[in-house]
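S.K.: Structure in structure tokens, see below.
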Amino acid sequence: MVNVALIGHGVVGSGVAEILINDNALVNEKIKDELYVKYILDLRDFPDLPYSDRFIKDFNRILEDDSVRVVAEMMGGLHPAYEFSKQCLLAGKSVVTSNKELVAAKGAELLEIAREKNVNYLFEASVGGGIPILRPMAQCLAANHIESITGILNGTTNFILNKMIVDNMSFENALKLAQDNGYAEKDPTADIEGHDACRKICILAALGFGKHVYPDQVSTEGISSITLGDVEYADRFNCVIKLIAQACREDDGHISATVRPTLVPREHILSGVHGVFNAIVVNGDKTGDLMFYGKGAGKMATASAVSADILDCAKHLTSRKYLSWTDGSDDYVITPDKACRLYVYAKAEDYDALCKSADSAFGNCTVIKNEYSKEIALITANEPESTLREKCAALCADTVKILHTLY
């Protein structure tokens, strides 16, 4: 028998309990053994559940019970999730988590402890919900050098932007609809300001390139400044706006990593990712582009990924799986001055001066001019970003907005 403990009985934790307890026969068949959920740690009481007798409030009961071999942490946040996970690993228990904030901040340390104790630390559900992405990257693409990882990693922002694009809905109304439908939290900051996507690209970059990437090393911008005007101009350039997370291997061994609203050409595969769906394009030097697509969140989709990790640990109690990376460094993530094309929106009371300065700075690129509203929009030619930003700074404009493009 393999005894398991669950920490947290919220949305994901309750889904994991349902899978492991209600589908126990299927679970046992998969691992060729008997898996038993011995403890569920939660400060709340659930007296009406058929497994209510398994709830406890003291973490030490899990830690001190040598019969518990696998622990699933689904609390969220850094503390006390970090302390609980670390103590379990040090005690020789494998740990599974859906906690992207914890993995992004402490993944290298916890993986090293797991290595030293010959146990597993698995976190498939921390990126992409139920989308299998970490295992394929670590196992199926093991013969590749990963060159880049580009994706839509947050379903909430994708839903909001999709409503703005398809239904001409304002950002504020689209956000409220996302909250009403349960796609956005009451405090949506982590989603709309890009923090959630940042944590996920940190995990993907660490796995893909081999060194830990910390959230504060990733240049991160959210979608709260995107207007229906930007959406309309993007459409006239045959593009849509998506929140794109990207990490790239640079020629000198460093990497670059960003999260930012981006104009995506309609012929690009990511332009067709709608609603709450996620999509991740991984470029390997031998495979080229591979896309992983599906629902990036949701109770049972995420619980499915957590449960799969639990089963994996149960089948490999005396051996380690293949997820690992080393610690990073302060200078590992850089901001290279690459050639790129930028979307530029500018507005000025002196409309004639604005147009003349834009024509002078950007030459023959296509410019959309709106004399009535005294604004222009353009997509630049391909030049080093520093050069383009200098040209933007020289515009005779009262307001300038710059977005990247995925050309």
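The values are calculated or read from the model by the stated rules, or taken from the named source; none is laboratory data. Predicted model only: the values in this text are computed from it and were never measured. In this analysis, Cβ positions are derived from the backbone assuming ideal geometry, glycine residues included, and neighbour counts consider all displayed protein chains. Each accessible area value is taken on the protein alone, full model and side chains, heavy atoms only, with ligands, DNA and RNA left out. Shrake-Rupley method; radii C 1.70, N 1.55, O 1.52, S 1.80 Å.
S.K.: Could you give the angle, 0 to 90 degrees to the nearest 10, between helix 100-117's Cα long axis and the longest principal axis of the Cα atoms of the chain?
M.R.: Taking the Cα atoms of the chain, the angle to 100-117 is about 40 degrees.
S.K.: Using a Förster distance of 35 angstrom, determine the FRET efficiency expected from the C-beta separation of Asp359 and Asp289, and round it to 0.05.
M.R.: With R0 = 35 Å, the Cβ-Cβ based efficiency is 0.40.
S.K.: Still on this structure: Would you kindly compute the Cα radius of gyration of the chain and its largest Cα-Cα separation (Dmax), both in Å?
M.R.: Considering the chain through its Cα atoms, Rg and Dmax are 23.6, 78 Å.
S.K.: When the chain is modelled as a GNM with alpha-carbon springs shorter than 10 Å, which of Asn24, Asn278, Asn154 fluctuates the most?
M.R.: Judging by the Gaussian network model, the answer is Asn24.
S.K.: Using heavy-atom solvent-accessible surface (probe 1.4 Å) with all chains present, what is the largest-first order of Leu270, Leu228, Leu207?
M.R.: Leu228, Leu207, Leu270
S.K.: At R0 = 51 Å, how high is the FRET efficiency between Asp48 and Glu172 if r is their beta carbon distance? Nearest 0.05 is fine.
M.R.: FRET efficiency, Asp48 to Glu172: 0.85.
S.K.: For region 82-148 and region 8-32, write down the distance between their C-alpha centroids in whole Å.
M.R.: 20
S.K.: If you don't mind, there's one more thing I want to ask. If Lys and Arg each add +1 and Asp and Glu each add -1, what is the summed charge of the other residues whose beta carbon sits under 12 Å from the beta carbon of Lys338?
M.R.: Surrounding charge for Lys338 is -4.
S.K.: Quick one: compute a quarter of the convex hull surface over the Cα atoms of region 268-331 and quote it in nm².
M.R.: One quarter of the hull surface, i.e. the mean projection, equals 7.8 nm².
S.K.: Next up: Quick one: among Thr189, Thr157, Thr262, which has the greatest mean-square fluctuation in a GNM of the chain with alpha-carbon springs under 10 angstrom?
M.R.: Its mean-square fluctuation being the largest, the pick is Thr189.
S.K.: If you build the convex hull over the alpha carbons only and average its shadow over all orientations, what do you get for region 35-169? Give it in nm² to one decimal.
M.R.: 12.2
S.K.: Nearest-5 percent of antiparallel DSSP beta bridges in the chain?
M.R.: 65
S.K.: When the C-alpha atoms of region 285-388 are aligned to their principal axes, what extent does each axis show, in angstrom, from largest down?
M.R.: Result for region 285-388: principal-axis Cα extents of 72, 35, 29 Å.
S.K.: Further, regarding this structure: Once both axes come from the Cα atoms, what is the angle between helix 81-90 and the longest principal axis of the chain, in degrees from 0 to 90, rounded to 10?
M.R.: The helix 81-90 is inclined about 50 degrees to the chain.
S.K.: Note down the magnitude of the dipole of the chain about its Cα centre, charges +1 on Lys and Arg C-beta and -1 on Asp and Glu C-beta and zero elsewhere, to the nearest 20 debye.
M.R.: Dipole of the chain, to the nearest 20 debye: 800 debye.
S.K.: With every protein chain in place, what's the accessible area of Lys117 (1.4 Å probe, Å², nearest 10)?
M.R.: 100
S.K.: If you take the square roots of the eigenvalues of the alpha-carbon gyration tensor of region 230-291 and sort them as a ≥ b ≥ c, do you get rounded (a/c under 1.5), prolate (a/b over b/c) or oblate?
M.R.: Taking the square roots of the gyration eigenvalues as a ≥ b ≥ c, region 230-291 is prolate.
S.K.: Counting only Cα atoms, I'd like the Rg/Rh figure for region 80-231, Kirkwood definition for Rh.
M.R.: Taking Rh as the inverse mean 1/r over Cα pairs, Rg/Rh reads 1.03.
S.K.: Return a whole-number percent for the relative contact order of the chain, with Cα pairs under 8 Å and 6 or more residues apart as the contact set.
M.R.: Answer for the chain is 17 percent.
S.K.: Label-point separation (nm) for Glu390 and Ser329, each offset 7 Å from Cα along Cα-to-Cβ?
M.R.: 3.1
S.K.: Taking a threshold of 22 Å on the Cα-Cα distance, which of the pairs Lys30/Lys100; Lys57/Lys100; Lys200/Lys295; Lys200/Lys401; Lys30/Lys86 fall above it?
M.R.: Lys30/Lys100; Lys57/Lys100; Lys200/Lys401; Lys30/Lys86
S.K.: What FRET efficiency, computed as 1/(1 + (r/R0)^6) with R0 = 41 Å and r the Cβ-Cβ distance, is obtained for Glu109 and Glu185, rounded to the nearest 0.05?
M.R.: E between Glu109 and Glu185, to the nearest 0.05, is 0.90.
S.K.: Given a 1.4 Å probe and heavy atoms of the protein chains only, how would you sort Phe209, Phe46, largest accessible area at the top?
M.R.: Highest to lowest solvent-accessible surface, that is Phe46, Phe209.
S.K.: Here's a follow-up. With angles folded into 0 to 90 degrees, how steeply does helix 155-167 sit against the dominant principal axis of the chain? Use alpha carbons for both and round to 10.
M.R.: Here the helix axis deviates by roughly 40 degrees.
S.K.: Give the separation of the Cα centroids, region 317-369 to region 176-216, in Å.
M.R.: With region 317-369 and region 176-216 each reduced to a Cα centre, they are spaced 19 Å.
S.K.: Among Leu102, Leu161, Leu243, which one shows the biggest mean-square fluctuation in a GNM of the chain, springs joining Cα atoms closer than 10 Å?
M.R.: Comparing Leu102, Leu161, Leu243 in a Gaussian network model of the chain, the most mobile one is Leu102.
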